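The values are calculated or read from the model by the stated rules, or taken from the named source; none is laboratory data. Everything numeric here is computed off the predicted structure, so don't read it as measured data. In this analysis, Cβ positions are derived from the backbone assuming ideal geometry, glycine residues included, and neighbour counts consider all displayed protein chains.
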Amino acid sequence: MDNRMCDGVTISAFIDTVSLARRTLTVFNDDEPEPLVRMLKRMVDSPAVDVRAGEVSAETPRNAVVVEDADGTELAVSSISEISACVLLVNSDLYVTGTRSLDEVDTPGALLHLDEVPFTVTGKRKMLLIELSRYIESLGWQSDNNTLHAGFQYLSRIDDERGTRRVYDRLADSDTDLHLYGLPDRVSELPGNSTIHTEPRDELRESWFVVNTDCTAEMKGVLLAERTGRSQWRGYWSFDADHVDEISAYLQNRYST
């Protein structure tokens, strides 16, 4: 068993020890590349991500964002319009009202391939975390015989936004083995077919996580974040099956009912 799962060690240990993956995010835009670069730099705040403008030519994609790994291997290409509609220019009502269902989640590949990159987000930039949370929840919705763990800091936050409540009501009504974590503050009726974990631990109050596991490898995913200040978070997301299973095992051992 990994030593991070020993008593006295919190979820933050996973964030501290995640392997540093480096990415280059290049904006190919022949209109106004610099404003987009600035927006993406603010959104993706990580020393491991180099966000820059690329020179548009006949050989490069137009109005697109290209993600490459440290070796220069192309990982994903997404249109600027996709990323803008997803996290840059998105109306928060999309998440608050739940007008986009789990079946409609279509996160751009350029964002998904920033996996295992440590980041920090503040304020409205947490749209990036919300989008990746919805993506992993959608993996849970599409999976068979899966387990999904979700940490809300406080259980009342399930009801804070109608979109969140609708997502978890649907997951609770599915075949998903649903586990919800948070401090029991103002608790209303929670999604019916779910297991509730309310241990009064500091790490539950400070952690935001969504983990989908016990399914095929390509459907596994985790977002893990820790609050470091007012509206400020640090963390990462990963689709590595072994790593997802490790975090799931940690939660099951530490918060077993």
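Give the residue that is modelled with the lowest pLDDT, with candidates limited to residues of segment 23-41 that are in a helix (DSSP H, G or I) and surrounded by fewer than 17 Cβ atoms within 10 Å (Cβ to Cβ).
Filtering first and then ranking leaves GLU34.
Being more than 17 Å from TYR135 (Cβ to Cβ) and touching a Ser or Thr at 6+ places or on another chain (Cβ under 7 Å) is the filter here, so list the residues in segment 234-247 that pass it.
Within segment 234-247, ARG234, ASP245 meet the criteria.
Taking strands (runs of 3 or more DSSP E) that do not extend beyond segment 42-83, which have at least 2 residues that are surrounded by fewer than 16 Cβ atoms within 10 Å (Cβ to Cβ) and among the charged types (D, E, K, R)?
Once the strands (runs of 3 or more DSSP E) in segment 42-83 are filtered for at least 2 residues that are surrounded by fewer than 16 Cβ atoms within 10 Å (Cβ to Cβ) and among the charged types (D, E, K, R), what remains is 49-53.
If SER256 passes every condition in (1) small (Gly, Ala, Ser); (2) surrounded by fewer than 20 Cβ atoms within 10 Å (Cβ to Cβ); (3) assigned to a helix (DSSP H, G or I) but one, which one does it miss?
Just one mismatch for SER256, condition (3).
For ILE196, which of the numbered conditions (1) among the β-branched types (Val, Ile, Thr); (2) surrounded by fewer than 21 Cβ atoms within 10 Å (Cβ to Cβ); (3) out of contact with any Phe, Trp or Tyr (no Cβ under 9 Å at 6 or more places or on another chain) fails to hold?
ILE196 satisfies every listed condition except (3).
Considering only residues that are small (Gly, Ala, Ser) and modelled with pLDDT under 95, which ones fall in segment 226-241?
Once the filter is applied, which keeps residues that are small (Gly, Ala, Ser) and modelled with pLDDT under 95, segment 226-241 yields GLY229, SER231, GLY235.
Just the residues that are without any contact (Cβ under 8 Å) to a residue 40 or more places away in the chain, closer than 24 Å to GLY235 by Cβ and acidic (Asp, Glu), please, taken from segment 31-57.
If the condition is that a residue be without any contact (Cβ under 8 Å) to a residue 40 or more places away in the chain, closer than 24 Å to GLY235 by Cβ and acidic (Asp, Glu), then ASP50 is the only one that fits.
Inside segment 236-253, can you point out the residues that are part of a helix (DSSP H, G or I) and touching a Phe, Trp or Tyr at 6+ places or on another chain (Cβ under 7 Å)?
ILE247
Can you say whether VAL44 is within 14 Å of the chain's Cα centre (by Cα), at pLDDT below 90, over 30 Å from ALA172 (Cα atoms) and of a type outside the set (Gly, Ala, Ser), as far as the supplied structure shows?
yes
Go through segment 220-250 and report how many residues are crowded, with 20+ Cβ neighbours inside 10 Å and over 20 Å from SER19 (Cα atoms).
0
For LEU204, are the conditions met, namely being farther than 15 Å from LEU139 by Cα, within 16 Å of the chain's Cα centre (by Cα), modelled with pLDDT of 90 or more and not small (Gly, Ala, Ser)?
no
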